[in-house]
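Data first, discussion second: the structure below is written as structure tokens.
Since every read-out is calculated from the coordinates, none of them should be taken as a lab result. Because the structure is predicted, anything quoted here is derived from the model rather than measured. Here the Cβ is made from the backbone with ideal geometry for all residues, glycine too, and neighbour counts use every protein chain on show.
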Amino acid sequence: MGSKACIARLQKEYKAILKEPVPQITAHPAPNNLLDWHYVLEGPKDSDFEGGCYHGKVTFPHEYPFKPPAIVMLTPNGRFAPNTKLCLSMSNFHPESWNPLWSVSTILTGLLSFMLETQHTTGAISSTKEEKRRLARQSLAYNARNPTFRKLFPEWIKKLEDAAVMPAPGSHPQQPPPPPLQQQQPPPQQQQDKQQQQVDAPQAKGQQAQPQPAGAPAAPQVAPLAAGAVPAARLPQGGVGGQWSSYALGAAAVVAAAAAATAMLTLD
């Protein structure tokens, strides 16, 4: 823990940052050490870092504000080497140029400005525009794997979660498939008629005339009956019906002969 002057100064600066946040900059001290601060720089619009989320750390000496802090950037960015102390006029590389009136907000504002430049210094690296833009797109997902980042900057984790469920620009969200059309049921009477047709169809098919063998006599054609007419009784021709017809005629003749004989006896 730093001196009383150091602690008092950092506490005062933290209250000022919470009251008047700096655009594109967020900073919080570590939960268990006021001398270690974590920051997030948001990539400026219309730059190679647009959309990027750059996490880093500022470590203050016990003698702060009379001595400068050490500054590192943890997120791969294409401008500074990750986890490497940066040589800046406001870092511990140049204590002779340090101004005790500078604050956390001043330090981080200067760091963001220097990030957009191309001037080379200790801790700086060279990369293409495409590489910087690619790292900017991947920066938030990279930071989300850091437990300290997740704890100190939950609002950025919320942005990552929201982006995961939102469709990409220019894409069309997938629509759920329409529900299957329900087959319209016919009225009850039509259902009964349809069922009766299904039952009658096999019977009608079975009742169709079977092909007759060659030489068989053709079936007699029966004329349709007029309305209200009663069909006359017909004895079948030949076969068993014909035999019964012959028996009936013979019996009638016998009865007639017996009646005639009885009549003659009576006359006698």
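Below are the figures for this structure:
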{"read-out": "Likely footprinting exposure, C53, C87, fewest C-beta neighbours within 10 Å first", "value": "C87, C53"}
{"read-out": "Exposure proxy ranking, count of Cβ atoms within 10 Å, fewest first, for T109, T84", "value": "T84, T109"}
{"read-out": "Derived scalar couplings ³J(HN,Hα) [the stretch 57-65; Karplus, 6.51 cos²θ - 1.76 cosθ + 1.60; whole Hz; x for Gly, Pro]", "value": "9, 10, 10, 8, x, 4, 8, 4, x"}
{"read-out": "Efficiency of FRET from Cβ geometry, I157 and L18, R₀ 25 Å, rounded to 0.05", "value": "0.80"}
{"read-out": "Two-site label geometry, L34 and E117: point separation in nm, points 7 Å out along Cα→Cβ", "value": "3.3 nm"}
